[in-house]
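Once you've had a glance at the structure underneath, I'll fire off some questions.
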Amino acid sequence: MGLKTTLKRLIIKYNYIGWRVVQIRKKLKHLSSKKPLIVNRGGIYRIIKKGRGSNNHVIIEDGCYLDNVVIHMIGNNNTIKFGKNVYVGPGCSFWTEGNNCKIIIGENTTFTQKVHFNAQENNSEIICGKDCMFSNTIIVRTSDSHAIIDEETHERLNFAGNVIIGDHVWVAPSTTIMKGVNIGSNTIVGSHTLVTKSIPSNVLCVGMPAKVVKERVTWSRENIIFKGK
């Protein structure tokens, strides 16, 4: 056997070994990954679970109804909790991406459809109070997903920030609530609004970016179309 042939066979052999090592590592990673554990305390749910990591929990309290909801959890020690009597319509999704992230939904809160919550980056939180009402096509997130870098210093500029939503907040369709925002209780966020800064309680805000247009207001769940009929 010539030297060239021997070298060729060795190269093929070691390339194959390297490929097998990669495949084994992928399989081990898959085996070690765990979908989130659901702790159901009396709710009715239909969930699509996607996950990778350990010690991730979804807590569903008594009286909840979750209809075809996507739960996506990547990382470790993350929690998504739905308080008592929460209703979540179809096409909604709740994501945690990082470690020690939380999404907490207060009791009696409702989601119509296609609402996306994403607590992204380590220790990020989205905390939603009681009796909130989310319409459809809404995004709430704690991070931009990608870094914005200062050209001179090479430092990151857009760090993650928690989102805190008070009690009895109404969020209308096609709204986006970004990182680091606090929304006070009894506030109304109008349709097609982009919230990038904190909003006080008992106001109506609209616009891109959001601006307060009315103060000393609150709202009711009562459907005015059927009122008095």
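The values are calculated or read from the model by the stated rules, or taken from the named source; none is laboratory data. As the structure is a prediction and not an experimental result, all values here were calculated from the model. Don't worry about glycine lacking a Cβ; one is built from the backbone with ideal geometry, like all the others, and counts go over all protein chains shown. When the accessible area is computed, the model is the full protein with side chains, heavy atoms only, and any ligands, DNA or RNA have been set aside. Shrake-Rupley method; radii C 1.70, N 1.55, O 1.52, S 1.80 Å.
Could you check the stretch 52-81 and list, in sequence order, the residues that are part of a strand (DSSP E or B) and either more than 13 Å from the chain's Cα centre (by Cα) or of a type in the set (Asp, Glu) (or both)?
Scanning the stretch 52-81 gives Arg52, His57, Ile59, Ile60, Tyr65, Leu66, Asp67, Asn68.
On to the next question. For the stretch 148-229, list the strands (runs of 3 or more DSSP E) that sit wholly inside it and hold at least 2 residues that are open to solvent by 50 Å² or more (accessible area, probe 1.4 Å); which are they?
The strands (runs of 3 or more DSSP E) meeting that bar are 211-215.
Note down all Cβ pairs under 8 Å where the first residue falls in the stretch 111-125 and is farther than 8 Å from Arg141 by Cα and outside any strand (DSSP E or B), the second is basic (Lys, Arg) and at pLDDT below 95, and they're at least six residues apart or on different chains.
Pairs found: none.
Ok, one more. Within the stretch 80-97, how many residues turn out to be open to solvent by less than 50 Å² (accessible area, probe 1.4 Å) and within 23 Å of Gly53 (Cβ to Cβ)?
Going through the stretch 80-97 one residue at a time, the tally reaches 8.
Being more than 26 Å from Asn100 (Cα to Cα) and touching a residue at least 12 places away in the same chain (Cβ under 8 Å) is the filter here, so list the residues in the stretch 129-168 that pass it.
Met133, Ser135, Asn136, Thr137, His168
Could you check Thr142 against (1) open to solvent by less than 50 Å² (accessible area, probe 1.4 Å); (2) hydroxyl-bearing (Ser, Thr, Tyr); (3) more than 15 Å from the chain's Cα centre (by Cα) and say which number it fails?
Of (1) open to solvent by less than 50 Å² (accessible area, probe 1.4 Å); (2) hydroxyl-bearing (Ser, Thr, Tyr); (3) more than 15 Å from the chain's Cα centre (by Cα), only one is false for Thr142: (3).
While we're here: Do we find a residue being under 15 Å from Gly91 (Cα atoms) and open to solvent by less than 50 Å² (accessible area, probe 1.4 Å) anywhere in the stretch 36-46?
No, the stretch 36-46 contains no residue that is under 15 Å from Gly91 (Cα atoms) and open to solvent by less than 50 Å² (accessible area, probe 1.4 Å).
Look at Gly42 and say whether it is modelled with pLDDT under 95 and touching a Gly at 6+ places or on another chain (Cβ under 7 Å).
yes
Here's something else I'd like to know. Check Asn136 against each of (1) of a type in the set (S, T, N, Q); (2) in a strand (DSSP E or B); (3) touching a Phe, Trp or Tyr at 6+ places or on another chain (Cβ under 8 Å); (4) more than 19 Å from Asn78 (Cβ to Cβ) and name the one condition it does not meet.
Result: Asn136 passes all but (3).
Just one of the numbered conditions (1) small (Gly, Ala, Ser); (2) within 21 Å of Tyr45 (Cβ to Cβ); (3) surrounded by 20 or more Cβ atoms within 10 Å (Cβ to Cβ) is not true of Gly129; which one?
(2)
Now, a different point. In the stretch 173-196, which residues are of a type outside the set (Ser, Thr, Tyr) and either under 17 Å from Ser124 (Cα atoms) or within 18 Å of the chain's Cα centre (by Cα) (or both)?
Passing the criteria: Pro173, Ile177, Met178, Lys179, Gly180, Val181, Asn182, Ile183, Leu194, Val195.
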